[in-house]
Amino acid sequence: MKINKNKQNPNKSGTQGINWFIQLSLFPGLLWLFSGSLDARFNSFSSSMSSMGQLSGLIGTALMANTLILSSRIRPLVSLFGGIEKLYTAHKWGGIAAFTLLLFHPLFLSLRLLPFSVRSAGLFLLPGGSWEKNLGIAALIIMTITVLVTLFANFQYQFLKFTHKFLGAAFLAGSIHGFFIGNSTATSTSLKIYLAALACAGAIAFLYRGLFPNRLVQRRAYTVTKVRRVNSAIIELTLAPDSSSPSFHSGDVVFVTFLTPILPPESHPFSICSATGNATIQIAIKSVGDYTKQVQNLPVGTKALIEGPYQSFSHKCKNKDQIWIAGGIGITPFLGMARTLAQNNERRSRITLFYSARTERDLAFLYELQQLASRKPFFRIIPINTNKDGRLTAEKISNTCGNLHKKDILMCGPLSMVQSLQKQFTKLKVPRGNIHTAEFYLLK
């Protein structure tokens, strides 16, 4: 039995979500602007620095709260952003912007003391004085260490997920600091109420996703019913639900936890490569690290918990004339879409799939896709062996497919490949709205 709760429009731009994120984050600054005289706040260097410090703290805190809310990845938010990759892109850049503003917050406040005493300006940045100030310093230190570890240390995926718990703790400490320090919120009841509500929402999201996901996040039980070795580095798993399950779409993303002694109880994201509407789901996993190497040894009968599905991107675009571009294991969502086309006898004007990998052996699902292409005149596949043929370029694609301006272009693969082709398509003046990317490498 299937419960269809996943009607979606995965390729929408996500503008609604981005606008919502920006407006909610900037709104504290707007309330601050209307809570007092601007002339008095910017009539000298010291007052200007004090005002900039307050603004950076308010907007930085709001950005941090909204970033935590996005990390909850509840389905309405994913839909609002047009897919989980777009949501996590906003999460990433929102977190960077929040950290930057919160880092400048004490620096601006310190600079306001500079005309009076260099020593006082320096001492302001050190612990001491009120507990509210010390709590804010502690929160910023925790956040800075966590961000540096995330960006520059070469730790495993699950450890990096664990470090994000400290960001939640830093946010809670920083929110308490901002609420009780009183400088920017004391004169505005509406600002105080808004920040309190936003802080509560961020705290709830942190508790839901960061501290108690095993108890609060819904997961469904599945069993591995088939293990197929595709090549020396890739296996394809078929999983069947133990009871009712939601409807899955090809290209959706699920978070899978395998319940086996050979693997830690970690949740990892994978794209669905089975056809839309199947009772079972299939995921292809490439051995690229310690965890995925162990996954290669999973036996039939292994139990799993699956969270999702989360919409990713789809071939349900405005143009039926499409170009699909896959790099390496980035073939998985396209494989599901191709299987859907074959299973449902869906017709398209023309679909051209460029399947790029370093060697012919790495083109793991090439034979199956070629068989599909032989049965579907509108579908053709062009394998690219980069060691032999060189890298795929927008110019090569244009020469093969003709005018690109009235085609939808879907890409999934290594970050460097996707970003390079995006720039090349932009130079060819391909409309930005016609380019769709799956960027789930942000989570891996």
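The values are calculated or read from the model by the stated rules, or taken from the named source; none is laboratory data. Worth saying up front: this structure is predicted, and the values here are computed from it rather than measured. Virtual Cβ from ideal backbone geometry, glycine too; neighbours counted across all protein chains shown.
Of the residues making up the stretch 345-386, those that are of a type in the set (Ser, Thr, Tyr), free of Cβ contacts under 8 Å to residues at least 40 places away in the same chain and surrounded by 12 or more Cβ atoms within 10 Å (Cβ to Cβ) number 2.
Let's see how each residue does on (1) of a type in the set (Val, Ile, Thr); (2) over 20 Å from Gly336 (Cβ atoms); (3) under 24 Å from the mean Cα position of the chain (by Cα):
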| residue | (1), (2), (3) |
| --- | --- |
| Val227 | yes, no, no |
| Asn231 | no, no, no |
| Val254 | yes, no, yes |
| Ile262 | yes, yes, no |
| His268 | no, no, yes |
| Thr280 | yes, no, no |
| Ile283 | yes, no, yes |
| Thr302 | yes, yes, no |
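To keep it simple, each residue is scored yes or no on (1) within 22 Å of the chain's Cα centre (by Cα); (2) free of Cβ contacts under 8 Å to residues at least 12 places away in the same chain; (3) within 23 Å of Gly168 (Cα to Cα).
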| site | (1), (2), (3) |
| --- | --- |
| Thr89 | yes, no, yes |
| Gly94 | yes, no, yes |
| Ala97 | yes, no, yes |
| Phe108 | no, no, no |
| Phe116 | no, no, no |
| Gly128 | no, yes, no |
| Trp131 | no, yes, yes |
| Ile142 | no, no, yes |
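Pairs are defined by a Cβ separation below 8 Å, a sequence spacing of at least 6 or placement on different chains, a first member in the stretch 403-416 that is assigned by TED's automatic domain parsing to the domain that holds Ile329, and a second member that is of a type in the set (Ser, Thr, Tyr) and part of a strand (DSSP E or B); the pairs so defined are Leu410/Thr437; Met411/Thr437; Cys412/Ser271; Cys412/Thr437; Gly413/Ser356.
List the helices (runs of 4 or more DSSP H) inside the stretch 312-417, counting only whole elements, that have at least 1 residues being within 18 Å of His436 (Cβ to Cβ) and at pLDDT below 90.
Details: elements: 332-344, 366-375, 386-389, 394-401.
Here the list reads 332-344.
Among the residues making up the stretch 174-216, a single one is over 29 Å from Pro106 (Cα atoms) and modelled with pLDDT of 90 or more: Tyr208.
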